[in-house]
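In what follows, a structure is listed as structure tokens, so that the remarks can point back to it.
The values are calculated or read from the model by the stated rules, or taken from the named source; none is laboratory data. The shown structure was predicted, so the numbers you read here are calculated from the model rather than taken from an experiment. Every residue, glycine as well, gets a Cβ built from its backbone with ideal geometry; the counts of neighbours run over all protein chains shown. Quick note on the areas: whole protein, heavy atoms, side chains included, nothing else; ligands and nucleic acids left out. Shrake-Rupley method; radii C 1.70, N 1.55, O 1.52, S 1.80 Å.
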Amino acid sequence: MLVTAEEMLKKAVAGKYAVGQFNINNLEWTKAVLLTAQECNSPVILGVSEGAGKYMTGFKTVADMVKAMIDELKITVPVALHLDHGTYDGCYKCIEAGFSSIMFDGSHYPIDENIAKTKELVAVCKEKGMSLEAEVGSIGGEEDGVVGMGECADPAECKQIADLGVTMLAAGIGNIHGKYPANWQGLSFETLAAIKELTGDMPLVLHGGTGIPADMIKKAISLGVGKINVNTECQLAFADATRKYIEAGKDLEGKGFDPRKLLAPGFEAIKATVKEKMELFGSVGKA
Ligand code: 13P
């Protein structure tokens, strides 16, 4: 069932668990995440970056594929289709394409401009019945060529953006996209607690879910994180399983070159990763 992220995240914050956002890249990815959510009876958010949207030929292709797949696979758990780190223009494209949720990442603008653009999108999303994620304090690492340094957001600015009526708020707390470097300082729970104190029940979003130790994930959830984004970890699992298949020479045996066989181990690896995360986040059985 395609829904916005609003209700599932409200329930998550109240129930002290988090809903996973898993970024999708193609048909196999989408099918793997949807089937795992159904098997785990868990709500789920499908994340689509602007780069992934372009790769899949456009946001309309993605929205139509996801809707058709929910129907054909008989997915009854709540599914939100969400633009990840959207630009201002990208947000409007996804509204048009039929997404149920968008993220406007205005973190690189001066705070006043971030506020003005977010405010405008709050009104549009309210009218269209969509959920909206905003961001304060850029998340470090590299994603689609955008590089941030992993700063900690200013809690007062977080409150200003939360008060605009967004559905959920991503705030930098030392988290970064991709693999964490060996000298990573860890999440700033001090910053997270200060943001929570000022933003109340607003579901907070933790980006860069790949490689954050389980105890830090649990602590972040206990401090108000209701949505956790995972991308790189599924990519690594897919690549690893595919490499093993090729290295074992399986593509050379019989019809092992058939893409439906070639991509199967990677598909199963994504499923296993998503299941593991849903268990860690506590969303299993919460659909
Ligand atoms: P990772 O690739 O580090 O898991 O981060 C995903 C993310 O935050 C998408 O917005």
**OP:** Between GLN21, GLN185, GLN160, find the one with the highest GNM mean-square fluctuation for the chain; connect C-alpha pairs within less than 10 Å.
**Re:** GLN185
Subject >> the chain - mean residue ellipticity at 222 nm from DSSP helices (-39,500 (n - 2.57) per run, n ≥ 4, rounded to 500) >> reply: -14500 deg cm²/dmol
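If you place +1 on the Cβ of every Lys and Arg, -1 on the Cβ of every Asp and Glu, and leave all else neutral, what size is the dipole of segment 1-117 about its Cα centre, to the nearest 20 Debye?
The dipole of segment 1-117 has a size of about 280 debye.
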**OP:** Could you give the size of the charge dipole of the chain about its Cα centre, using +1 on the Cβ of each K and R and -1 on the Cβ of each D and E, expressed in debye and rounded to the nearest 20?
**Re:** 880
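For segment 54-186, calculate the relative contact order in percent as a whole number, restricting contacts to Cα pairs under 8 Å that are 6 or more residues apart.
On the way: 201 pairs, mean separation 24.1, N = 133.
It rounds to 18 percent for segment 54-186.
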Subject >> Neighbour cut-off at most 15 other Cβ (10 Å), DSSP loop, trypsin sites (Lys or Arg not before Pro), segment 190-287 >> reply: LYS255
**OP:** Tell me the chymotrypsin sites (Phe, Trp or Tyr not before Pro) within segment 1-82 that lie in a loop according to DSSP and have at most 14 other beta-carbon atoms within 10 Å.
**Re:** none
**OP:** Putting +1 on Lys and Arg Cβ atoms and -1 on Asp and Glu Cβ atoms, find which of ILE95, SER42, VAL19 reaches farthest to the positive end of the dipole of the chain.
**Re:** SER42
**OP:** List the relative contact order of segment 145-287 as a percent without decimals, with contacts defined as Cα pairs under 8 Å and 6+ residues apart.
**Re:** 19
**OP:** In a Gaussian network model over the chain where Cα atoms closer than 10 Å are linked, find which of SER101, SER222, SER138 has the largest mean-square fluctuation.
**Re:** SER222
**OP:** Give me the Kirkwood hydrodynamic radius of segment 20-129, using the inverse of the mean 1/r over all pairs of distinct Cα atoms, in Å to one decimal.
**Re:** 14.4
Original post:
Whole number please: convex hull volume per residue of the Cα set in the chain, in Å³?
Top reply: 122
Original post:
In the structure shown, do any of LYS16/LYS67; LYS179/LYS244; LYS74/LYS126; LYS31/LYS179; LYS60/LYS271; LYS159/LYS196 have a Cα-Cα gap over 18 Å, and if so which?
Top reply: LYS16/LYS67; LYS179/LYS244; LYS74/LYS126; LYS31/LYS179; LYS60/LYS271
Original post:
Which listed residue (ILE176, LEU204, PHE257) has the Cα farthest towards the positive end of the charge dipole for segment 149-263, taking +1 on Lys and Arg C-beta and -1 on Asp and Glu C-beta about the Cα centre?
Top reply: PHE257
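In percent, how large is the relative contact order of segment 1-111, given Cα pairs closer than 8 Å and 6 or more residues apart? Mind dumping the intermediate values first?
Working: 168 pairs, mean separation 34.6, N = 111.
Once divided by the residue count of segment 1-111, the mean separation gives 31 percent.
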**OP:** Of the DSSP beta bridges with both residues in the chain, give the percent that are antiparallel, rounding to the nearest 5.
**Re:** 10
Subject >> Residue among ILE270, ILE176, ILE111 with the largest mean-square fluctuation in a Gaussian network model of the chain, springs linking Cα atoms under 10 Å >> reply: ILE111
Original post:
Largest first, how would ASP240, ASP84 line up by accessible area (1.4 Å probe)?
Top reply: ASP240, ASP84
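Could you give the size of the charge dipole of segment 178-287 about its Cα centre, using +1 on the Cβ of each K and R and -1 on the Cβ of each D and E, expressed in debye and rounded to the nearest 20? Provide the component values of the computation, followed by the final result.
Working: 15 positive and 13 negative charges, 49 e Å.
It comes to approximately 240 debye.
Which FRET efficiency value, to the nearest 0.05, do you get for ASP163 and GLU72 by plugging their Cβ-Cβ distance into 1/(1 + (r/R0)^6) with R0 = 35 Å?
On the way: r = 41 Å, r/R0 = 1.18.
Between ASP163 and GLU72 the formula returns 0.25.
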Subject >> Cα→Cβ-extended label distance, 7 Å offset, between THR87 and LYS10, nm >> reply: 3.4
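Scan segment 87-180 for trypsin sites (Lys or Arg not before Pro) in coil per DSSP, keeping those whose Cβ has at most 16 other Cβ atoms within 10 Å, and list them by number.
Working: sites: LYS93, LYS117, LYS119, LYS126, LYS128, LYS159, LYS179; in loops: LYS179.
Here the trypsin sites (Lys or Arg not before Pro) that fit, given the DSSP loop and packing criteria, are LYS179.
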